[in-house]
Each structure stands twice: as structure tokens, then as C-alpha cells.
Amino acid sequence: MISKPKGTYDVYGLEARRWVKIEEVIRKVCGLFNYQEIRTPIFESSEVFHRDQNDTSDMVTKETYDFKDRSDRSITLRPEGTAGVARAYIENKLYVENPVNKLFYIGQMFRYERPQKGRNRQFSQFGVEALGSNSPLIDVEVISLGATLIRSLGLKDVTVKINSLGDKESRDNYKKVLVEHFSKYKDDLCSDCLNRLEKNPLRILDCKVDRDKEFFKSAPKINNYLNEYSKNRFNEVLKELDQIDLKYVVDDNLVRGLDYYSHTVFELEVNIPEFGAQNVIGAGGRYDDLISDLGGPKTDGVGMAFGLERLLLASEYSGKALAKENAIHAYFIALGDNARCEAMKIMNVCRIGGLSCDMDYMGSGLKSQFKKADKNNARFTLILGDEELNEFKINVKDNLTDEQERISLYDCYPYMINKLNKASACASCHLKGDNDEKND
Ligand code: HAM
């Protein structure tokens, strides 16, 4: 048997319905904030992600899937969405038509990480990127969009952690004191942090290995090194979050795992013990140099991405039920070849009219077909044998009311529609008359 690659998974049954539903919720929320969808390739030229020799993030240095294609081009499976969106923004000159582009994406990402609950090698992100504005208000809008999504999914106990990495001048000043501080502990630093000490000391603060050590806790904090502009900007973001009553916690250890951030950075954490270290369901921040680093015009940007697997897991613990078991309008039980052909004809009419139908294609016996009708949660079971066929009739059972009637084959579709329309007034009905809602 061939197994799926480590860190990947298959989606089917009720789980597949939950995926469809969460994407629906996401699209609705993006509509509320007027973010437009963008779809970029799953693989990009490697330089989209491997831009900078000095990049010290784990994602770029250790986790990308890189390969040469048959024409010897360096290709990378996207580990995140932001860089690909930035590439598309530059290549398609999206800035020409709109000074500010508010974009969203849903798609698969790839990182060679150690798989565990909520951490996969192929995973899905929903992300937004707002390109072209430096306003603190748009940082707040992005965080607010994340909070709205969380509310729409009914997730409880989510904490928004926020910090500022300041502008380049602030970060350069901070990096100097970090180097001074950590240089005293060179012998105790893990090998990755030794490398980070030279290339990007800020990254040390994101280290999972050294995090619990004493010298780590005593490291200087960035908020003491923000220049006036960066401090004011951060305060404005916080003030606006207060204005819209969006609760947050300032976390001065928060630096984020990617090298492109400046000013606002944030993470959304769920408090679910089973999640362990994978409790960050969404995260993002401002990146004012990414577009120019990729060869585009100087463009400010801010964005955020959620891990969809983590959102779905979290919703199992504390959210709304996203999807119910499959349910259809009508299951046809046909006995004999002639009856099966006739059922096929009626199903065609019903489906064109918007009723979901199915039947048995295995030539199964009566009992087994009833079981299938049950398994599909059919609102109506329609039984057609030779006797009914001779009379041009069909037996219909309404599984909601247990009423059973023998009706003309011609009346099949109007009969069910009529019942469904009556039932749409009844809140307890599991399949309402409104066909659009049948797969809620
Ligand atoms: P990130 O923090 O690397 O940021 O990923 C965002 C979210 O993706 C995480 O909070 C987590 O929920 C999910 N995630 C990351 N890795 C995995 C994995 N291996 N398995 C399952 N879920 C995972 C970014 O990717 C940035 N591009 C976010 C951003 C957008 N910043 C600005 N704009």
C-alpha cells in the first residue's frame, strides 16, 4: 500500500464539509472588510523566498521545499503567502490602478517541519495583505478582520498579543544592545543562535531552545529602544484598538518568526491545553520593505495569516459546529431494471429543479436500499417497484413526518417541493424548503 507523505493528510466526509464551510465564513468576513481574492502559484522561483543571504528565519533557512525543474530552474513550494502576493503585486503592477490593494488568499503552503498536532508539512493558510498604506488604522483593520473571523467561528478564549519592532533605526539600535547582551553568553547559546547573533540578533528572541534560559529572560526589551516616531506609531495602533474595543495584550518578547517585519507585529493565541506550542492560530504584522526588496516600488504593507487546520481544530474544541452530516432531499429505492431507469428520469427532473437526489446503483435488495436512504439523511424516500410502475405511481415517505402516500409519477417533484415549502416555516425541519440552505 502506498501511504501519504509524512506531514500530509486526506480530507473527506464530514471533515471535507467543514473545510467548505470555513472557507465560506472566511469569504464572507473578507467581503465585510472589502478584501479581494488573489490566487498565486503554489510554486515560485526560489528567489521569491530566498531573497536575502542574511535571512535567519527557520522557515527560509531550514523548512522550504526547494528543487530544480527539468530546465534546471530553482523552484520553491511556497512556505507562506505574503512573498508570492508581493511578487504578483509587482509583476502585475497592481499599484497602478489602486493606491491601496486589500487582498486575501486561501491556499496550501509547504514547510519541512516536524509534524505534530496542528503542525503539518502541507497545510492551508487564509491570509490577507493590505498593500500601499502606512496608516496605523490599516494595521488595526487587519487585526479587527482576524478578530471578526474568530467571532464568526464562535471561538472562545483567544488572546491578541501585540508588539512593535519599530523602524530600521530603532531595530538597529536594539540589535546593538542585543549583541552586547548575548555575546556574554556565547558559550551557552545554541548553534542557531550563535549564527543569529551575527546575522540578525533579533531572531534569537524567537528561539525555542534558549527561550527558558536565564540570560534570555534578562535580555533588553525592544520598547526601550523604539525611536519617537516608532513609539508614537505603536501608541496610535493601541489607541485605535481601544477605540473599537478590541482587547489585546502587549507582549514585549514578541518578534515573530519571519525576517521581513517592521513596526506592528501580532499573534492570536488560543487557550486550549491540548494545542501545546501550536496554540498560535493566526499571526502577522507590518512589512514596509518587502516589496522594494523584491524589486518593486517602495510600498508599505501589513497582513496576517491563519492556519486553517488550527482554526478547524480550535473550532472543534470551542467553536460553532461548522457542518452537519450530509443530508439530501430524496433517495430513490428502485426495484428492478425498469424501475431504476424510471427513477433515473425522475431524479433528473428533480435535480434540474434544485432537489438533491440519489439512488442505489448496485442492484441491492430492499433492506440495503432503505439503509442507504437512512445513511444519506434523506428527507423523502421514494419507492418504485414493478407494481407501482404499472400504475404509473410511486410511494413517497416523508421521513420528517413519517407520512406515506402513493402519488402519480408526474407529481413527484411538485409533491416534494410543496412539502418543503410548507416545512420552511418549521424551524425544526432538518432540510428546509430553501434549497440554498440544504447543505448548511
Ligand atoms: P506564520 O506565523 O509563519 O506567518 O504563519 C501564520 C500561521 O500559519 C501560524 O500562526 C499558524 O497558525 C499557521 N502555520 C504555520 N506553519 C504551520 C504548519 N507547519 N502547520 C500548520 N499550520 C501552520 C506567515 O506565514 C506570514 N506570511 C503571515 C503574514 C501575512 N504576515 C504578514 N502577512
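Applying both filters, DSSP loop and at most 11 other Cβ atoms within 10 Å, to the chymotrypsin sites (Phe, Trp or Tyr not before Pro) of region 284-362 gives TYR361. Mark the label point 7 Å from the Cα of LYS6 along Cα→Cβ and return the residues of region 101-127 whose backbone N is within less than 20 Å of it. Output list for this probe position: 109-124. To the nearest ten degrees, helix 308-318 and the longest principal axis of the Cα atoms of the chain are 70 degrees apart. Calculation over all alpha carbon pairs of the chain in 20 angstrom steps from 0 returns a P(r) of 21, 43, 24, 11, 1 percent.
As an exercise, identify the GluC sites (Glu not before Pro) in region 74-112 lying in DSSP coil whose Cβ has no more than 16 other Cβ atoms within 10 Å.
Values: sites: GLU80, GLU91, GLU97; in loops: GLU80.
Qualifying residues, ordered by number: none.
Annotation: aspartates and glutamates with alpha-carbon distance below 15 angstrom to LYS6 (same-chain offsets under eight excluded): GLU63, GLU113.
Using only Cα atoms and rounding to the nearest 10 degrees, what angle (0 to 90) does helix 228-243 make with the longest principal axis of the chain? Computed tilt is about 30 degrees. The helix-based estimate of mean residue ellipticity at 222 nm for the chain, built from -39,500 (n - 2.57) per DSSP H run of four or more residues and divided by its residue count, is -11000 deg cm²/dmol to the nearest 500.
Step through the table entries LYS375/LYS397; LYS161/LYS221; LYS156/LYS324; LYS102/LYS298; LYS156/LYS247; LYS184/LYS221, compare each Cα-Cα distance with 19 Å, and write down the pairs that go over it. Provide the component values of the computation, followed by the final result.
Details: LYS375/LYS397 15 Å; LYS161/LYS221 15 Å; LYS156/LYS324 21 Å; LYS102/LYS298 17 Å; LYS156/LYS247 13 Å; LYS184/LYS221 17 Å.
From LYS375/LYS397; LYS161/LYS221; LYS156/LYS324; LYS102/LYS298; LYS156/LYS247; LYS184/LYS221, over 19 Å: LYS156/LYS324.
Here VAL85, VAL177, VAL209, VAL237 are placed in order of increasing Cβ neighbour count within 10 Å, fewest first, which gives VAL209, VAL177, VAL237, VAL85.
Extending 7 Å from the Cα toward the beta-carbon at both ASP374 and LEU400 defines two label points whose distance is 2.1 nm. Annotation: region 268-371 has a Kirkwood hydrodynamic radius of 19.2 angstrom, from the mean reciprocal C-alpha pair distance.
Between ASN235 and ARG114, what FRET efficiency comes out of the Förster formula 1/(1 + (r/R0)^6) with R0 = 56 Å and r the beta carbon distance, rounded to 0.05?
Values: r = 39 Å, r/R0 = 0.70.
The value I calculate is 0.90.
For the cross-link pairs LYS21/LYS419; LYS372/LYS393; LYS28/LYS367, which exceed 32 Å when the distance is taken from alpha carbon to alpha carbon? Over 32 Å apart, Cα to Cα: LYS28/LYS367. Straight-distance candidates among the aspartates and glutamates for linking to LYS176, with alpha-carbon spacing under 13 Å and chain neighbours fewer than 8 residues away dropped: GLU198.
The angle separating the long axis of helix 136-152 from the principal Cα axis of greatest extent in the chain is about 30 degrees. The relative contact order of the chain comes to 15 percent, based on Cα pairs under 8 Å that sit 6 or more residues apart.
A cut-off of 5 Å between modelled amide H atoms, ignoring neighbours fewer than 5 places along the same chain, links HIS263 with LEU165, GLY166, ASP167.
Listed values for region 280-289 are Karplus-derived 3J(HN,Hα) couplings in whole Hz (6.51 cos²θ - 1.76 cosθ + 1.60, θ = phi - 60°), namely 7, 8, x, 6, x, x, 8, 9, 8, 10, and x replaces Gly and Pro.
Work out how much length ASN54 to LEU366 would gain on full extension: take 0.36 nm times their residue separation and subtract the Cα-Cα distance, in nm to one decimal. Intermediate results must be reported in sequence, preceding the final value.
Numbers: separation 312, 0.36 × 312 = 112.32 nm, distance 6.95 nm.
Value of the extension gain: 105.4 nm.
The label-point distance for LYS156 and ALA16, in a model that sets each label 7 Å from Cα toward Cβ, rounds to 3.3 nm.
When the GluC sites (Glu not before Pro) in region 284-342 are filtered for DSSP coil states and for at most 11 other beta-carbon atoms within 10 Å of their beta-carbon, the remaining sites are GLU325.
Taken together, the values in this text are just the output of simple stated rules run on the coordinates, not laboratory data. Because the structure is a prediction, the values reported are computed rather than measured. So basically every Cβ, Gly included, is an ideal-geometry build from the backbone, and we count neighbours across all protein chains shown.
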